[in-house]
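In what follows, a single structure is set out as C-alpha cells and then discussed.
The values are calculated or read from the model by the stated rules, or taken from the named source; none is laboratory data. Everything numeric in this text was worked out from a predicted model, so none of it was measured. Here the Cβ positions follow ideal geometry from the backbone for every residue, glycine too, while neighbour counts run over all protein chains shown.
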Amino acid sequence: MAAFRQALMDCELRDLPHCGHPFTWTNKRKAPHTVCARLDRAVDSSSWLQLFPNTRTMHLPFGGSDHAPLWVQFSHASPPAKSFGARRFRFEARWMMLPGCETTIRGAWSHQQNLQRKLGSTRISLLKWYQHQIVPLKTNIKKVEAELARLAVSPVDDSSIARETLLKAELTALLHQEELFWKQISKVHWLAKGDRNTAYFHACASARKDFNHISSITDSDGVRHSAPREIHTAFAVYFSGLFSLSHPSQESILSSTRAITSRLSEAMRDRLSAPFTSEEIWPALKSMKALSAPGPDGFSPVFFQRYWAIVHEEVSESILRLLNGHQMEGDLNHTHIILIPKVSRPEAVHQFRPISLCNVLYKIASKMVANRLKPIMDSLITEEQSAFLPGRAIADNVLMAFEINHSLRRNQSSIFGSLKLDVSKAYDRLEWSFIREVLESMAFPARFIDLVMLLISSVTYSVLVNGSTAGRFAPTRGIRQGDPLSPYLFILCADTLSAMLKTAASGSPDIGVQIAPGAPRISHLLFADDTIIYVRATLASMCLIKSVLASYEAASGQVINLEKSLLILSRGGDEHHRHLLAETVGIPLAPGLGRAVLIKAVLQAIPVFSMSCFLLPKTFLAKLMGTIARFWWSGNGAKKLHWLPWEQLTSNLAAGGMGFRDLCLFNKALVAKQGWRLVSRPNSLCGRLLKAKYFPHSSFLRAPLGRAPSFAWRSIHSSKDVLAQGLRWRIGTGHLDMKVNSLIRNDLSDWNVALLRRVFSPTDVQHILSIPLSTQAYPDRLIWHYTSHGEYSVKSGYRILKDGAEGLLPSSSTANPGYINFWKALSKLKIPARIITFGWRL
C-alpha cells in the first residue's frame, strides 16, 4: 500500500470517496477462510474535481463475481441553486484595492447616527457601488489579457510600449485581487503574499465547499431529511434542545462550588472593577486575524482595521457603553453557528461541532474582558490544569501522564487505575447559574459578574447550513466556541471539578498516586476539557469518584461521554475484580495493560506534543525526511534525481540551501524546551514530580539518567547537551555563589573594585567590570544567551544545533565564496517565492 500511495502522490491523484460495501474483492471462500480487500479503486485529479466536484464512487453488490462493480457518479459543476433563506452580505477584502471603496464607506458612515444603522447603510452602499460601478473581476482580467495579446502582434513604438507597461501593471493588480478573493474564501492564512496561489486557493475553497455541503441529514428522532427547509429545521431543533436549561438545583450547585478555595485579592478585584477605556479597544481589534470569518453583520476584522480612522468614534462609544454601561445594542450579540463535521462522512445532527461566528464588534468587547482575566488566571486555577494559561504548557501534563503510567506499570505491590474522562459537548452544556456561582465563590466583583452574564446570556443563534440561515433561537445555557471569553470561563468552571477531586483526595488515601518519595501526590490532571484521574483500584475509591463526577454533572450540566472515556488498570488482580471496578465507576475497561491506550488517548489527541516531549526514532525521522526530499525533487513526476543531499537543502537560502528543517535536530530543539522549563520553573508540578523521582539531591543540569528511566525522561535528559551550549548566569544578588557575592559591595550597587584588583589580573578585572549588575536585589538566575529576553526558544536552539552540524559537513561547490555572495543576494530579493526557487534550481 505504501508504494501505491506513493504512486498516487507522484501522479497527483486522490482516492475517490466511496459508499456501499467497504470491500471490492473476495476470495469467495467460506468462513473462517474468507478474505476480503478493497482492490478496485477509482481515482481523480484536482482538475477533474474542479470540473465535477460531486464525484462519488458506489460499491455495487458482488453478484456472481469475486469483484464488486464500481459505479462512479459525477456531474458538471453547475451554478448553485437558489439558497434557502436570506442571502448573506460579506465584505470582500479585495474591495479595499478598488477606487471608490473608501469614499463609499465614508459617505455611508456619515449619514446615520446609530452604529447598527451605520453598518446597515454601509452594507447597502457597498453592494450598490460594487454592482453598478465595478466591472466583474474575470471580465476585467479577460479584457486586459486580450488587449495585451493585441499589442503583442502590433508594431512596436513608444506609445505601444508605454501602453503595454500600464496594462501589465493593471493585470498584476487584478490578479492580486483575484488571489486575495480566493484566499479569503478558502480560509488559507498561512501562505505568504506575493506569489500567485490562486489555483491552490480555488482548490481549497472547492474542497471546503464540497466537504461542508449537507445534502441530507438524520434528526434526533432518527428521521432522514433531504429538503433544504427540513435540514435547517432539524439542526435548529437539535441545537435549540442542546442549548436548553437542564434545571440544576441550587443545592447541587452550592454543594459543588463549596470545594472552591481560590479567591481574588483586593488588587485583582480593583483591576477587574476599573472602567474600560478606549485605549484597550485597538489592541483587542489588532490582535484578530484580518481575514477571519465575519459574523452575521458580514464585516470581518480587516474592515475595521483598515477603516479605523472612519469608524473608531462610534465603535468605541458602542463598546464602552456595553462594557461600562451594560447596554447591548440591537443585534450586536447575534451569532451564526457553522457546522464542522466531527467524522469523515457525517449522517446525523449530533456528528457536527457547532462553531460560533460572532460579530467583530462583540468579539472586541469579549476580548477586552478576556484580557482583564488573563493576568489573574494563573493565581486562581489549580496547578493540575495546563491549558490556555500563560506560563503553563499542556506538554507538562503529557509528560506527567506518561511518567505516572511508567511508574504504575512497574508497581507490583498495588493495583492502580487511571480514568481518562471525556466531556461531551463541554461548552454547549455549561449552565449559566453554575458559571455565576463559580464566579461568586471566587469573589469576583458583582458588577464584573453581571457583565460576564450579560455577554453570555444575551446571545441569539441562527444555524448556517449550506451558506444560508433560517430562523433564530435564544439559548438558556452554554458558552460559544469562537468567543474569546469562553476558554477562560470554561477553565474557571472546570476548576470546580479539580477542587472537588482534591477535597476527595485529602479525605481518602486511595485517591491519587505518589510515584517517588517527596514527589507531589497527583490525584488528577486536566487537559482543558479532558481529565485523567488516578486512584488505587478499590471498590471504595471507584464509588467515591463516581459520586464526585455525578455531583459535578448535576451542578454544571456537563455529561461524561462514556464512549470516549476509559478505565486503565495496572498489572495485578483477577479479571472478575477488574470488570467489577469498571462496572462500579460506570466507565469501560481499556484492553491490555493500558500503555498504548494512554498514548492514544493523551498523546495522539495532541500530536504536536509527541515531538515536543519525546525524541522520535532516527529511522522514522530519516524516512520522513526522505519522503519530503522525494516530493521536492519529483514534484512534476519526472525522474527522481536528487541533485543535492538533504543536509544541503536544510541550510538556509543564504548558504545555498532551501531552509527545510532537519527533523532530527528540530526534534532535539523541541525537547530541549521541556528541559528549559525544568531549569526556569523548577517549582512547577511537573518539575517537582520529575525532581523527586530522578534528581532529588541535585539540579536538572547535574541529574543522572538513573535506573530504569522512562522514555520521556531519557528524551528530556538528552536535552542537557543542547542547553549547555547557551545557558549563562545572570547575576542578581550573587548569593548563589559566595565567590561572586563576596566581590559585590554590601549595598549591591557595584562591584568591589579594590578587592577585584587585589585578586585578579587587570585583564580579568576589566572583563568582570563589564558584567552589569541589577539595580534591585533580584536573585541570580540562569538565562538563555541566544535570545534578547533570556528565555529559551526552539528557533534559537535549532539554529545552534544546525550551525554545529553544518560545521561538520564536507564542503561543497555551493559553499565557495563566489556562490555564497550569490545566495545572499538571492535571499534578499523582494520577489515571489517561486522565482527565488527557480533561481535556486538554476
Given (1) part of a helix (DSSP H, G or I); (2) buried (at least 19 other Cβ atoms within 10 Å of the Cβ); (3) in contact with a Ser or Thr (Cβ under 7 Å, 6 or more places away or on another chain), number of the condition TYR427 does not satisfy: (1)
The stretch 67-99, subset more than 34 Å from the chain's Cα centre (by Cα) and either assigned to a strand (DSSP E or B) or at pLDDT 90 or above (or both), residue surrounded by the most Cβ atoms within 10 Å (Cβ to Cβ): LEU70
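Could you tell me which residue of the stretch 1-49 is nearest to TRP633 (Cα to Cα), considering only residues that are hydroxyl-bearing (Ser, Thr, Tyr) and assigned to a loop (DSSP other than H, G, I, E, B)?
THR24
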Boolean, THR55 is touching a Cys at 6+ places or on another chain (Cβ under 9 Å), of a type in the set (Val, Ile, Thr) and either in contact (Cβ under 8 Å) with a residue 40 or more places away in the chain or within 20 Å of HIS213 (Cβ to Cβ) (or both): no
Hits in the stretch 476-535 (condition: small (Gly, Ala, Ser), farther than 20 Å from LEU685 by Cα and either in a loop (DSSP other than H, G, I, E, B) or touching a residue at least 60 places away in the same chain (Cβ under 8 Å) (or both)): GLY478, GLY482, SER508
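So that you can scan it fast, the table gives a plain yes or no per residue for (1) crowded, with 19+ Cβ neighbours inside 10 Å; (2) assigned by TED's automatic domain parsing to the domain that holds ALA236:
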{"residue": "LEU454", "(1), (2)": "no, yes"}
{"residue": "THR460", "(1), (2)": "no, yes"}
{"residue": "VAL463", "(1), (2)": "yes, yes"}
{"residue": "ASP483", "(1), (2)": "yes, no"}
{"residue": "TYR488", "(1), (2)": "yes, no"}
{"residue": "MET500", "(1), (2)": "yes, no"}
{"residue": "SER508", "(1), (2)": "no, no"}
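Here's the yes/no breakdown for (1) under 18 Å from ILE491 (Cβ atoms); (2) in a helix (DSSP H, G or I):
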| residue | (1), (2) |
| --- | --- |
| MET368 | no, yes |
| ILE376 | yes, yes |
| SER379 | yes, yes |
| PHE388 | yes, no |
| ASP396 | yes, yes |
| GLU403 | no, yes |
| LEU421 | yes, no |
From ASP396, ASP378, residue being more than 20 Å from the chain's Cα centre (by Cα) and charged (D, E, K, R): ASP378
Residue in the stretch 445-452 that is in a helix (DSSP H, G or I) and charged (D, E, K, R) present: yes
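Going by the conditions given, is LEU549 crowded, with 19+ Cβ neighbours inside 10 Å, within 30 Å of the chain's Cα centre (by Cα), in a helix (DSSP H, G or I) and not assigned by TED's automatic domain parsing to the domain that holds ARG707?
Considered against the rule, which asks whether it is crowded, with 19+ Cβ neighbours inside 10 Å, within 30 Å of the chain's Cα centre (by Cα), in a helix (DSSP H, G or I) and not assigned by TED's automatic domain parsing to the domain that holds ARG707, LEU549 comes out as yes.
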Qualifying residue in the stretch 241-249 (condition: farther than 30 Å from LEU380 by Cα, out of contact with any Phe, Trp or Tyr (no Cβ under 8 Å at 6 or more places or on another chain) and not β-branched (Val, Ile, Thr)): yes
Verdict on LEU562 being at pLDDT below 80 and in contact with a His (Cβ under 9 Å, 6 or more places away or on another chain): no
Looking only at the stretch 706-765, and only at residues there that are acidic (Asp, Glu) and closer than 25 Å to ALA692 by Cα, the one that is modelled with the highest pLDDT: ASP721
Close pairs (8 angstrom Cβ cut-off, 6 or more residues apart or separate chains): within 13 Å of MET96 (Cβ to Cβ) in the stretch 122-136, aliphatic (A, V, I, L, M) and modelled with pLDDT under 90 anywhere: ILE134/LEU98
Residue within the stretch 297-311 that is of a type in the set (A, V, I, L, M), modelled with pLDDT of 95 or more, within 27 Å of LEU464 (Cα to Cα) and not assigned by TED's automatic domain parsing to the domain that holds GLN481 present: no
Any chance VAL438 is part of a helix (DSSP H, G or I), in contact with a Leu (Cβ under 6 Å, 6 or more places away or on another chain) and either of a type outside the set (Lys, Arg) or surrounded by 19 or more Cβ atoms within 10 Å (Cβ to Cβ) (or both): yes
